[in-house]
1. So which residue, out of 91, 166, 244, gets the largest mean-square fluctuation from a GNM of the chain using Cα contacts under 10 Å as springs?
2. I need the P(r) histogram for the chain: all alpha carbon pairs, bin width 5 Å from 0 out to the longest distance, whole percents.
3. List the equivalent ellipsoid semi-axes of the range 177-247 in whole Å, largest first, each obtained as the square root of 5λ for an eigenvalue λ of the Cα gyration tensor.
4. Which shape class, rounded, prolate or oblate, goes with the range 145-278 when its Cα gyration tensor gives a ≥ b ≥ c as root eigenvalues, a/c under 1.5 marks rounded, and past that a/b bigger than b/c marks prolate?
5. For residue 46, list long-range residues whose amide hydrogen, built 1.01 Å from N in the peptide plane, is under 5 Å from its own amide hydrogen.
6. Would you work out which of 125, 195, 51 lies farthest towards the positive end of the dipole of the chain? Charges go on Cβ: Lys and Arg +1, Asp and Glu -1.
7. Taking N as the number of residues in the range 70-155, what is its alpha-carbon radius of gyration divided by 2.2 N^0.38 Å?
8. In whole angstrom, note down how far apart the Cα centers of the range 177-255 and the range 29-108 are.
Amino acid sequence: YTHKKIMLDKTDLSPLISTSSTSLFTLADLQHAIESHYLIIFYQPQIELRSGKVVGFEALVRLQHPERGMIFPDQFIGLAEQNNLISSITNEVIDLVITDYGLFCEKGIEPNISINISAQDLLDLSLPEQLSTRLANVGIPTGAITFELTESAVLTSISDSLDIMNRLRMKGFALSIDDFGTGHSSLVQLYQAPFTELKIDRSFVMKMLDDDEAMSIVKVCIYLAKELKMETVAEGVETEEIWNKLKELGCDIAQGFYRAKPMSLKACCDWLTTEFNI
Ligand code: C2E
Ligand code: CA
Ligand code: CA
Ligand code: CA
């Protein structure tokens, strides 16, 4: 990942900078960006297929740099993970979500917000207590927050992770297994971990109508989640055909460009007004 090129702005091809020590976008830059509160959250709606209702939003972090423009998470989360900066990002993301939650409430909705967390977040035993206190202080129920974890994050340190996940569940947070099918978790691990939601990876969802194997995996995910009493979320739903098929297969929730891209809070509120009269 260190050798990956960073493209700071899709419209500006000149600063194709690597994350090596000679790059302009260094660890110090990332640190500075976090401290300067350049991180912002875009929200992507999650829609219940059966009812067509918006049930929540996934919080997706971006770095809004005054000179370099919008930088996407794929370009800095890895750097943060390698350099112990992920907890500062997670903390900032939670602060931003807490602020925005108040604004959603002013609009009369109390949405579920899904927040992505990394392997290192699952090493901090104080996290569950800390988070529930922070939310209680501002009156947000823990049940309104889902933490999304990937299989590899859980497997990095399985016994500590399970401990923290169980504590998070006991505090009332929901837990989602993200990018399901792309990692290496076994059924046993899935069964042991207290997940409430299974997110089918978009690589399967996007191909499901053209590729029999992808379709089989989507079906198995839905079946498995039902058996384990977990909700299913399909990510990367880009077309009406895929939307309809997922609905027919009994998938619970869909997220993807077909209905809505990740949006700023303002755009999100406008979208709710246009689409749902909220
Ligand atoms: P993810 O958790 O799998 O998030 C879904 C990604 O799919 C998002 O990319 C989203 O914009 C994109 N997406 C949504 N709908 C569609 C669709 O219909 N088609 C396609 N092709 N893509 C779609 P994004 O926002 O660039 O985030 C990339 C990854 O960065 C996320 O993948 C997640 O792993 C990570 N990430 C984002 N925010 C955070 C954060 O606050 N903390 C941590 N630790 N990681 C984050
Ligand atoms: Ca996610
Ligand atoms: Ca995902
Ligand atoms: Ca992903």
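1. Comparing 91, 166, 244 in a Gaussian network model of the chain, the most mobile one is 244.
2. 1, 5, 12, 16, 17, 18, 15, 10, 5, 1, 0
3. 21, 12, 10
4. Oblate, since a/c reaches 1.5 and b/c is not below a/b.
5. Amide H to amide H, under 5 Å and 5 or more residues apart or across chains, residue 46 pairs with 55, 56, 57, 58.
6. Ranked along the dipole, the leading option is 51.
7. For the range 70-155, the normalised Cα radius of gyration comes out at 1.15.
8. 24
A short reminder: the numbers here are calculations on the coordinates, not readings from a lab. Remember, it's a predicted structure, so these values are computed and weren't measured experimentally. Positions of Cβ are generated from backbone atoms using ideal geometry, with glycine treated the same way; all protein chains shown enter the neighbour counts.
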